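A.B. asks: Attaching a single structure in structure tokens format; questions to follow.
The values are calculated or read from the model by the stated rules, or taken from the named source; none is laboratory data. Being a predicted model, the structure only gives us computed values, none of them experimental. Methodologically, a virtual Cβ is constructed for each residue, glycine included, from the backbone with ideal geometry; neighbour enumeration extends over all protein chains shown. Heads up: the accessible areas ignore ligands, DNA and RNA and are worked out on the full protein's heavy atoms, side chains in. Shrake-Rupley method; radii C 1.70, N 1.55, O 1.52, S 1.80 Å.
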Amino acid sequence: MTTWNLRRRPGRALGLVLLGFLTLLVLRRYLHLEPGSCDREVAQRLDWSNLTRPWLRRRQLGLQAKDQNFMLEDSTFWIFGGSVHYFRVPKEYWRDRLLKMKACGLNTLTTYVPWNLHEPERGRFDFSGNLDLEAFVLTAAEIGLWVILRPGPYICSEIDLGGLPSWLLQDSGMRLRTTYKGFTNAVDLYFDHLMPRVVPLQYKHGGPIIAVQVENEYGSYNKDPTYMPYIKKALEDRGIEELLLTSDNKDGLSNGAVDGVLATINLQSQHDLQLLSTFLFTVQGARPKMVMEYWTGWFDSWGGTHNILDSSEVLKTVSAIIDAGSSINLYMFHGGTNFGFINGAMHYYDYKSHVTSYDYDAVLTEAGDYTAKYLQLRDFFGSISGTWPAAGSSTTMGPCFCSETPEEFFPDHPTSTPIDLCARMSWTRTGTPLPPPPDPLPKTAYESVTPAFYLSLWDALKYMEAPINSEQPVNMENLPVNNGNGQSFGYTLYETTIASSGVLSAFVRDRGQVFVNTVSIGFLDYKRKEINIPLIQGYTTLRILVENCGRVNYGEIDNQRKGLIGNIYLNDSPLSKFRIYSLDMKKTFFQRFSFDEWNKVPEAPTFPAFFLGALSVALSPSDTFMKLEGWEKGVVFINGQNLGRYWNIGPQETLYLPGTWLDQGINQVIVFEEKMAGSVIQFTETPHLGRSRYIN
């Protein structure tokens, strides 16, 4: 073995001196800024001293899967985790939700990273505001939570296209979640930008991230055996050095495993719990057991029922998982909201779009309020906790801190295995009390708003950007908009001219309202592919307003292009010469409408239409829920923020409006309604999602 002697290698010694000098300059640049420097935020993120300095030098091994135990450094560690997605919660409420997590007795936060939101256009990245991943992870660290990061690139999460950007579908040969060159090139560019933000947040760098997940539930997809090794290498090559995990349900577990990566399982039922040890042992032998997703509830779809999982059933299953010697992550601890158009969909036998609320019947409600599940789980975790860990603590590193000498705690059982010891300690040892839960955020039922102004979609078209002229229909993703990246979300309006009646047929994705001039004659969707055009005289404008109701997030995702797919036919003859309007309804969309362009609401409005009203907030704004009784289907915008879709087919009957998005004084309310407007917009202190589960 060669011995490194500085006296024999003067060039290398000089290089080290220069490197040290440059390092001092960099540290001075970022950690000793003058007051008012624009780089102050960067400096704060690089300065870990307030979190970890007392024991930073001890961070050498990180979280390890050693035999049947998780080990953090030299101590046995149990993961008691909960999922919260930063992109589904207003940034101002992150701390509130994570404090409630800590007070429930959990020690680890898990979160997905949505590629489609962070890179809305190829090469243009957004990590600001509600998408500030680094700020979210730092908030968890300050509160004393470890973090398991799930960066994808595919995340499922009931989000549009499973979190993959829609511009990937501009490639007609695209094969998502494979080593197809067009996909891996895009992943590489994204990871090149994302991972430099993540690497400094890892445990071995002084941060709270103790593990990183490799993709998500790939065993159920299983299209390319070289894909998961590619993702693993892509992470490691960019500096990810913490424990790597996979996550699969029982049906995909064997196909989702990767050499050198710890397999974890997703489940909900007691039946699946009985298979926990069998499946994991079959895949990887005697390794630490982890339920990465214990589903505390389930998501809802439009036209369905609100899913409920009884709190006693949740407590029973959580107890059984931990009693089986397994770590656990509650999915979801707090679901939040599919603000805007980010919701996904499922399409097995029928296409079903997910609702705006991601309440999930989780441990905390959509608005972050306590439930019976929270109270019971807090009692449970409080009864089994020792001294709980903080992400930066200098003492205990886990909810179950095991001595290297079992006799110290259990002299009658000197031969206990570490996992048995932890299990016994979990049930018998009571340590520091849990922190008190934060007070619930106040709710207010504001006075109803009567829209005073109105603008039909047809009148609004003249204020839009010029339409796209095309010989044939163009799907949303391939429209020449958004700097060549196509349209991701919202509506697209197709116009052409016809001169006869007959049968109109088209493949519409997902829902298209058909108009002759401005008169609605019905809808086209997955089930209704034809519609009769009534008798007309002369040349007439045919219009189809197509809504992307959400791309499928789980299963077959390659064919999720939206809008009109292929040609549209009248009496089997293809139509041509289209004018296409991209109605993405971003914040800039409404800036085109000056106040002078709005009209007073008529007795018989023409639909679709925009309705404008004012919500007056006299005191400090509070959370509330909007109820659109008498309205049929559309979208609501408050001060430019897209709250999401409403639809009278349920099960969701109210929209969550965070108080932090309201101003004291007058607030602008815009409703885009497709078919039928109510007279007022109501507000209530509680949501309507089915059976109430609130704790007063």
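A.B. asks: Test Leu201 against the stated conditions and say whether it is open to solvent by 20 Å² or more (accessible area, probe 1.4 Å) and under 24 Å from the mean Cα position of the chain (by Cα). Talk me through it step by step, then tell me what you get.
C.D. replies: Working: open to solvent by 20 Å² or more (accessible area, probe 1.4 Å): no; under 24 Å from the mean Cα position of the chain (by Cα): yes.
When the stated conditions are applied, Leu201 does not pass them.
A.B. asks: Here is a further query. Taking the condition open to solvent by less than 10 Å² (accessible area, probe 1.4 Å) and in contact (Cβ under 8 Å) with a residue 60 or more places away in the chain, does Ile638 pass?
C.D. replies: no
Here is a yes/no grid of residues against (1) buried (at least 21 other Cβ atoms within 10 Å of the Cβ); (2) of a type in the set (A, V, I, L, M, F, W, C); (3) modelled with pLDDT under 95:
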position	(1), (2), (3)
Tyr491	yes, no, no
Thr497	no, no, no
Leu504	yes, yes, no
Asn517	no, no, no
Tyr526	no, no, no
Leu545	yes, yes, no
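A.B. asks: Could you grab me the full set of residues in the range 95-108 that are in a helix (DSSP H, G or I) and open to solvent by less than 10 Å² (accessible area, probe 1.4 Å)?
C.D. replies: Arg97, Leu98, Lys100, Met101, Ala103
A.B. asks: To continue, here is another question. Can you pull out every residue in the range 166-193 that is assigned to a helix (DSSP H, G or I) and open to solvent by less than 40 Å² (accessible area, probe 1.4 Å)?
C.D. replies: Of all residues in the range 166-193, those assigned to a helix (DSSP H, G or I) come to 166-170, 181-193.
Scanning the range 166-193 gives Ser166, Trp167, Leu168, Leu169, Gly182, Phe183, Thr184, Ala186, Val187, Tyr190, Phe191.
A.B. asks: How many of the residues making up the range 200-233 are under 18 Å from Gly260 (Cβ atoms), part of a strand (DSSP E or B) and not polar (S, T, N, Q)?
C.D. replies: Qualifying residue count, the range 200-233: 3.
A.B. asks: Which members of the range 594-611 meet the condition of being open to solvent by 20 Å² or more (accessible area, probe 1.4 Å) and in contact with a strand residue (DSSP E or B) (Cβ under 9 Å, 6 or more places away or on another chain)?
C.D. replies: Residues satisfying the conditions are Phe595, Glu597, Trp598, Asn599, Lys600, Val601, Pro602, Pro605, Thr606, Phe607.
A.B. asks: Taking the range 506-515, which residues are open to solvent by less than 40 Å² (accessible area, probe 1.4 Å), assigned to a strand (DSSP E or B) and in contact (Cβ under 8 Å) with a residue 40 or more places away in the chain?
C.D. replies: Selection gives Val508, Gly512, Gln513.
A.B. asks: Looking at the range 323-348 only, could you name the residues that are modelled with pLDDT of 95 or more and aliphatic (A, V, I, L, M)?
C.D. replies: Across the range 323-348, the qualifying residues are Ile328, Leu330, Met332, Ile342, Ala345, Met346.
A.B. asks: If you check Leu109, Leu6, Leu27, which single one turns out to be of a type in the set (A, V, I, L, M) and modelled with pLDDT of 95 or more?
C.D. replies: Leu109
A.B. asks: Please count how many residues of the range 307-321 are open to solvent by less than 30 Å² (accessible area, probe 1.4 Å) and touching a residue at least 60 places away in the same chain (Cβ under 8 Å).
C.D. replies: If we filter the range 307-321 for residues that are open to solvent by less than 30 Å² (accessible area, probe 1.4 Å), which is where we start, we get 311, 314, 317-319, 321.
Next, only the ones that are touching a residue at least 60 places away in the same chain (Cβ under 8 Å) stay: 311, 314, 318-319.
Counting residues in the range 307-321 that are open to solvent by less than 30 Å² (accessible area, probe 1.4 Å) and touching a residue at least 60 places away in the same chain (Cβ under 8 Å) gives 4.
A.B. asks: Filter the range 284-306 down to residues that are among the polar types (S, T, N, Q) and open to solvent by 30 Å² or more (accessible area, probe 1.4 Å) and give me whichever is farthest from Ile384 (Cα to Cα). Steps first, please.
C.D. replies: First, the residues of the range 284-306 that are among the polar types (S, T, N, Q): 284, 296, 301, 305.
Of the ones still in play, those that are also open to solvent by 30 Å² or more (accessible area, probe 1.4 Å) are 284, 305.
Values: Gln284: 28, Thr305: 36 Å.
Filtering first and then ranking leaves Thr305.
A.B. asks: Here's a follow-up. Out of (1) within 23 Å of Thr365 (Cβ to Cβ); (2) open to solvent by 10 Å² or more (accessible area, probe 1.4 Å); (3) assigned to a strand (DSSP E or B), what's the single condition that is false for Pro621?
C.D. replies: All conditions pass for Pro621, except number (3).
A.B. asks: Among Ile536, Ile531, which is the only one that is open to solvent by 10 Å² or more (accessible area, probe 1.4 Å) and either part of a strand (DSSP E or B) or touching a Pro at 6+ places or on another chain (Cβ under 7 Å) (or both)?
C.D. replies: Answer to the check: Ile531.
A.B. asks: For the range 243-288, which positions are of a type in the set (S, T, N, Q), over 14 Å from Ser327 (Cα atoms) and at pLDDT below 95?
C.D. replies: Of the residues in the range 243-288, the ones of a type in the set (S, T, N, Q) are 246-247, 249, 254-255, 264, 266, 268-270, 274, 277-278, 282, 284.
From what is left, the residues that are over 14 Å from Ser327 (Cα atoms) are 246, 249, 254-255, 268-270, 274, 278, 282, 284.
Asn249, Ser254, Asn255, Gln268, Ser269, Gln270, Gln274, Thr278, Thr282, Gln284, listed by residue number.
A.B. asks: Count, please, the residues in the range 259-283 that happen to be within 28 Å of the chain's Cα centre (by Cα) and either open to solvent by less than 20 Å² (accessible area, probe 1.4 Å) or of a type in the set (S, T, N, Q) (or both).
C.D. replies: Residues meeting the conditions: 12.
A.B. asks: With the structure loaded, tell me whether Tyr581 is in contact with a Cys (Cβ under 9 Å, 6 or more places away or on another chain) and either assigned to a strand (DSSP E or B) or open to solvent by 20 Å² or more (accessible area, probe 1.4 Å) (or both) or whether it fails that test.
C.D. replies: So Tyr581 fails the test.
A.B. asks: Considering the range 109-144 alone, what residues qualify as being in a helix (DSSP H, G or I), among the small types (Gly, Ala, Ser) and surrounded by fewer than 20 Cβ atoms within 10 Å (Cβ to Cβ)?
C.D. replies: Passing the criteria: Gly129, Ala135.
A.B. asks: Report yes if some residue within the range 678-693 is within 25 Å of the chain's Cα centre (by Cα) and over 27 Å from Leu364 (Cβ atoms); otherwise report no.
C.D. replies: no
A.B. asks: Does the range 246-257 include one or more residues that are in contact with a Gly (Cβ under 7 Å, 6 or more places away or on another chain), open to solvent by 40 Å² or more (accessible area, probe 1.4 Å) and in contact (Cβ under 8 Å) with a residue 40 or more places away in the chain?
C.D. replies: no
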